[in-house]
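Worksheet: one structure, shown below.
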Amino acid sequence: MSMETGAGRWIVCQVGAREHYAIATELHRRGTLDGLLADVWAAPGSPWKLVSRVSKVLGAESTAQAISGRYRSGGIHGVSPGIARWARWQMREARQGRDQCFSSWAASEIEKQMRSAATQRVNRSAGSIIFSYSYAAADIGRVAKRLGATFVLGQIDGGRKEMELVRAIGRKYGLPVEAEWRDAHYWARWREECDLADLIIVNSNWSRSLLQQEDIDVSKCRIVPLAYEPSSAVAPKNYPEVFTTARPLRVLFLGQLTARKGVMELLAAMDELRAAPIMLRLVGPPQAGIERHLTGRPNVKWDGICPRSRVRDHYRWADVFVLPTHSDGFAITQLEAQEYGLPLITSPFCGHVVEDRLTGLRLETVTARDIAGALLWAECSPVGLRRMSEEALRSVQRYSPRAVVDQLCDAVASLGTPLKARALSRAPSLI
């Protein structure tokens, strides 16, 4: 397919298993993926599988699970650096060092692939689309420009403005500042990524607004949600006719327990709701300093860190899912919750998944008062929750990898012929 259709030939670069490689997998299914470059690719029979098994034997369960999850079946071929090189990256003092190492390695791999194609008289560079997620893409963007390829940046969050917001929230509650390692060099490389990009994909209008505050050229931004593929069919939730002390409204928060996610306001809301038949379950790792706030409330239970194999049990237990986040690029847990038919209570500061009063409730502000009001509405409205549960199961289908990659390709197509002409004029002779 031609560039005008938004297809072209794609190379996908990513650190971590973001979206569980859904973008690369769907492009492979369509026959338009030229390569996946990953920091770890634990294909069957690879040395990474051995590392995963050894980690499990040594008791490093989290490392074993993380590595074993860095793979997607279906015939997709991923290329990753050797284990020794990866280990050197891990020993860097800060994540920004590892991201920079990956970007440099991926750029060299792309250049080798393009030159190999050129020696075979295949001019692949000018028709290529190179996609990379933010913060590990500066070198990748440079080589894309040099080769005349289209560079698409997947911006995972709201950038520096989001981090400033997160730090201010932490200071408000006397909590340690998150991501202190993000220094001036880190943000300079990120801005270069944005400048190099022909197209910036953001996952929410909220992220786009934060980039605009940073004077990023948002005319290059297109909003494309995260991809999600439900693993099983689930029936709508069953609710009692009335919630009681014996059978309270079960509210779930699942994710990192941080000030940025609105946990402090959520706990304050539960203080206001002590007399109501509402029980909150918190599941996830706590931000440093926040643990002392998680105990001592009869209507709140913290279940700690949950292995991935048990996550579904929490979703099945819950009646509603709450995420009063101050800032998220998207928040994939919204879709995980919808897979299990859960109505959502979320803020406007993340991906726009909730249709207010249809699939859940959208808070106007992240305050204890607003959160308490939403939870009281849910406690008084079991019939409304049942209707929302049915709608949630239908809503999550809109985020299938096929639907999301259609939007991604449409975004590339929206760049139009002038971009293609520009790419062709930039393309050097690689022979």
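Being over 19 Å from Phe330 (Cα atoms), of a type in the set (Asp, Glu) and either at pLDDT 95 or above or surrounded by 15 or more Cβ atoms within 10 Å (Cβ to Cβ) (or both) narrows it down to one residue among Asp195, Asp183; which is it?
Working: Asp183 fails: either at pLDDT 95 or above or surrounded by 15 or more Cβ atoms within 10 Å (Cβ to Cβ) (or both).
When all the criteria are applied, what remains is Asp195.
Checking Gln90 against (1) of a type outside the set (D, E, K, R); (2) at pLDDT 90 or above; (3) farther than 21 Å from Ala149 by Cβ, which single condition isn't satisfied?
(2)
Looking at the stretch 250-363, what helices (runs of 4 or more DSSP H) fall wholly within it and have at least 2 residues that are of a type outside the set (Asp, Glu) and touching a Pro at 6+ places or on another chain (Cβ under 9 Å)? I'd like the intermediate steps shown before the answer.
Numbers: elements: 263-272, 311-317, 333-339.
Result: 263-272, 333-339.
How many of the residues making up the stretch 168-196 are free of Cβ contacts under 8 Å to residues at least 60 places away in the same chain and in a loop (DSSP other than H, G, I, E, B)?
Matching residues across the stretch 168-196 total 3.
Pick out, from the stretch 1-92, the helices (runs of 4 or more DSSP H) lying fully within it that include 2 or more residues that are not assigned by TED's automatic domain parsing to the domain that holds Val404.
Working: elements: 22-30, 47-57, 61-68, 83-90.
Result: 47-57, 61-68.
Give me a count of the residues in the stretch 286-317 that are under 21 Å from Leu385 (Cβ atoms), surrounded by 17 or more Cβ atoms within 10 Å (Cβ to Cβ) and over 23 Å from the mean Cα position of the chain (by Cα).
The number of residues fulfilling the criteria is 1.
Could you list, in sequence order, all residues of the stretch 378-397 that are under 20 Å from Ala275 (Cβ atoms) and surrounded by 15 or more Cβ atoms within 10 Å (Cβ to Cβ)? Before the answer, list the steps.
Step one: list which residues in the stretch 378-397 are under 20 Å from Ala275 (Cβ atoms), which gives 378-382.
Within the stretch 378-397, Ala378, Glu379, Ser381, Pro382 meet the criteria.
Restricting attention to the stretch 138-157, does a residue exist that is within 19 Å of the chain's Cα centre (by Cα), at pLDDT below 95 and part of a helix (DSSP H, G or I)? Spell out how you get there, then give the answer.
Start the filter on the stretch 138-157 by keeping residues that are within 19 Å of the chain's Cα centre (by Cα), which leaves 152-157.
Of the ones still in play, those that are also at pLDDT below 95 are none.
Within the stretch 138-157, not a single residue is within 19 Å of the chain's Cα centre (by Cα), at pLDDT below 95 and part of a helix (DSSP H, G or I).
Take the conditions surrounded by fewer than 19 Cβ atoms within 10 Å (Cβ to Cβ) and either small (Gly, Ala, Ser) or at pLDDT 95 or above (or both) and apply them to Ala403. Does it pass? Full working, then the answer.
Details: surrounded by fewer than 19 Cβ atoms within 10 Å (Cβ to Cβ): yes; either small (Gly, Ala, Ser) or at pLDDT 95 or above (or both): yes.
Here the answer is yes, as Ala403 does meet what is asked.
Within the stretch 373-414, which residues are closer than 25 Å to Glu265 by Cβ and among the hydrophobic types (A, V, I, L, M, F, W, C)?
Within the stretch 373-414, Ala374, Leu375, Leu376, Trp377, Ala378, Cys380, Leu385, Met388, Ala392 meet the criteria.
The values are calculated or read from the model by the stated rules, or taken from the named source; none is laboratory data. These figures come from a predicted structure and were not determined experimentally. As a convention, Cβ positions derive from the backbone with ideal geometry for all residues, glycine included, and neighbour counts pool all protein chains shown.
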